[in-house]
1. From the backbone phi of segment B:80-95, what are the Karplus-calculated ³J(HN,Hα) couplings (6.51 cos²θ - 1.76 cosθ + 1.60, θ = phi - 60°) in whole Hz, Gly and Pro given as x?
2. Starting from the amide H of B:VAL71, placed 1.01 Å from N in the peptide plane, find each other amide H under 5 Å away whose residue is 5 or more places distant or on another chain.
3. Cα-based Rg (one decimal) and Dmax (whole number) for segment B:117-186, in Å?
4. Take every Cα-Cα pair in the protein assembly as shown and report what % of them are more than 45 Å apart.
5. Would you mind pulling out the separation of the Cα centroids of segment A:41-55 and segment A:90-111, in Å?
6. Check cross-link reach from A:LYS122 to the lysines: straight Cα distance under 17 Å, and skip same-chain residues fewer than eight apart.
7. Take every residue in peptide B:26-36, count the Cβ atoms of other chains within 10 Å of its Cβ, and give the average of those counts.
8. On average over all directions, what projected area in square nanometres does segment B:47-112 have, based on the convex hull of its Cα atoms?
Amino acid sequence: MARTATRYRKLAKTGGLFAYYSLWQGPDHLLIAETAMASEDYRRFYFHEIQAIIVQKTGMQHVYSFLFGLPGVLALMVGTLGDTTPQPWLIFSFLAGLFLAINLFRGPTCVCHIRTAVQNVKIRPLVRMRRLNKVLDRVQPLIVEAQANLPSATPGLSVPAGASRLTRAPERGAGSASTMPVTDAVSTRLHRILFGALVIQALLAGIEFYVSNLVYGIFATLFVMGVMILTVVALARQTDSGINAAAKRFTWAALALVCLEVAAGYAASIWSYATHPELLENHWGLYEHLILLSPRDHVWLMGLSLTIIVAALGLGLGGLASLRQHRRRPTDAPDRGRLRQAAA
Amino acid sequence: MNITCSNCQAVLDAARFDTSAYGNCHSCNLPLRVLTFPALGRPLPVGREGASLRAPRTASCYYHTRKQATVVCTACGRFLCALCDMDINGQHICPSCLETGRKERRIKDLDDHRTLYDAIALAMAVLPMLFFFVTCITAPLTLYIVVRYWKAPPSLLPRTRVRFVLAALIAMLQIGGWGYFGYNLLI
């Protein structure tokens with residue numbers, strides 16, 4: 001039980017600034033670290049226990065290319081052909097083009113699972129084929145070496161007789177439901193409300209381009225405050241819950257968006273004080289002034305509004321999409337087919 | 001020992017395993033590749049029962065006095081029967097040490113969570129600068145976190161203490177700034 005330092009070598013990493021997954025190679029195991037702000041959770045896969053690595057090619061690279069490419073091209077067209085101020089459109093277009101280039105450079109996407117005797121776990125840091133192949137080149141010999149004293153697995157595989165084609169496993173929930181391993185029910189209602197609210201917030205921010213009156217401004221401000229509270233509550237609730245990591249990341253990103261909005265509001269109030277010194281003694285006047293600001297008043301406000309619209313829409317839709325898997329099938333659940341077989 | 005498609009749970013054909021090319025899953029048609037290893041053919045380990053004491057002078061299990069000791073706990077040195085022997089990656093641990101070791105994070109193989117106090121300190125030093133007036137509270141707090149958790153178990157992964165140092169520097173600058181502001185106010 002002595003405390004000894006284990007040297008790890010980084011193999012892959014994916015995620016954002018505040019929450020990310022990383023894959024590390026230890027002396028006798030692989031380690032997945034899930035880092036969320038100020039905490040790290042680890043999972044180990046010992047070389048001598050790994051039974052199989054399953055790799056699936058996916059088409060997410062094309063989806064990302066579309067998501068970055070289309071808005072980029074549209075912004076470029078508006079910036080160059082439209083009669084509005086071109087700078088924010090060109091900046092937006094440049095950023096979209098940058099992300100598109102990074103996406104194309106990183107190559108095709110994939111999903112990788114590691115299977116052991118008791119579980120089948122998605123290796124989240126491995127999302128690109130290029131990185132996956134490098135990791136496999138490094139790890140495969142180590143696994144083979146760790147299992148050198150075991151006989152080859154392939155002859156023992158019990159594939160149904162005459163199964164030249166793949167056969168579908170029984171539907172989930174069918175049969176002896178009471179003996180089936182069931183993952184804990186996860187309540188995602190709050191997160192759904194939050195992501196839905198983000199989409200609505202994007203729409204409200206879009207309406208601000210055309211509507212600028214006090215009642216609407218107060219309503220929009222209250223709505224943003226509601227989203228802030230929702231975000232904080234969702235962040236508090238998601239700790240130790242079964243909500244998938246992607247949804248957790250979207251929630252953290254929502255917090256970043258909220259912080260951006262607060263910081264922008266703060267900067268706008270300072271700017272208003274500087275340009276209208278008479279507001280120093282009149283807080284309601286300042287608030288009214290801030291509410292009646294339209295994105296079309298200033299190029300920076302327009303850029304900020306566009307950023308908020310895109311970010312809120314992306315986070316809302318992305319978050320809702322990430323929660324879909326809670327309906328379909330639980331992530332990282334134990335290998336159902338195998339456990340069902342054991343139960344039988 | 002069947003391997004299922006991780007997308008649709010269809011059982012995969014063994015003929016498709018260990019090939020360099022990607023084949024399509026019959027059920028969901030996703031291109032996939034399966035690499036198998038010898039552990040796939042190994043049966044699941046079966047739980048063992050402790051053997052009864054046969055001779056009076058034989059060492060007995062610390063927890064089951066009627067069972068024969070087969071191994072010594074790596075952590076505490078107690079004799080253990082086969083039932084109490086917990087094999088943790090080659091180490092033989094008794095249930096008591098397993099529980100204690102997990103709680104106190106002495107068994108590295110069971111350590112599955114760490115709190116990154118350096119990240120907390122750095123965030124507490126940097127983020128409040130957006131609203132500078134709260135730094136008069138957060139700067140001393142940051143220094144407290146740096147001092148209190150300087151020796152706390154760090155991440156299992158390679159990581160230096162540079163965040164702690166940065167956080168302390170920023171917090172000291174903030175405290176210095178407030179001190180200067182207060183001094184000017186008094187003068």
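1. 10, 7, 5, 5, 7, 6, 9, 8, 9, 6, x, 9, 9, 10, 7, x
2. B:LEU80
3. Final numbers for Rg and Dmax: 13.1, 49 Å.
4. Roughly 30 percent, once rounded to a whole number.
5. 31 Å
6. Output for A:LYS122: A:LYS13, A:LYS57, A:LYS248.
7. For peptide B:26-36, the averaged partner shielding equals 6.
8. 4.5 nm²
Read-outs throughout are calculated quantities, based only on the coordinates presented, and are distinct from any laboratory measurement. Please read these numbers as outputs of a predicted model, since none were measured by experiment. Note that each Cβ is placed from the backbone with ideal geometry, even for glycine, and that neighbours are counted across all protein chains shown.
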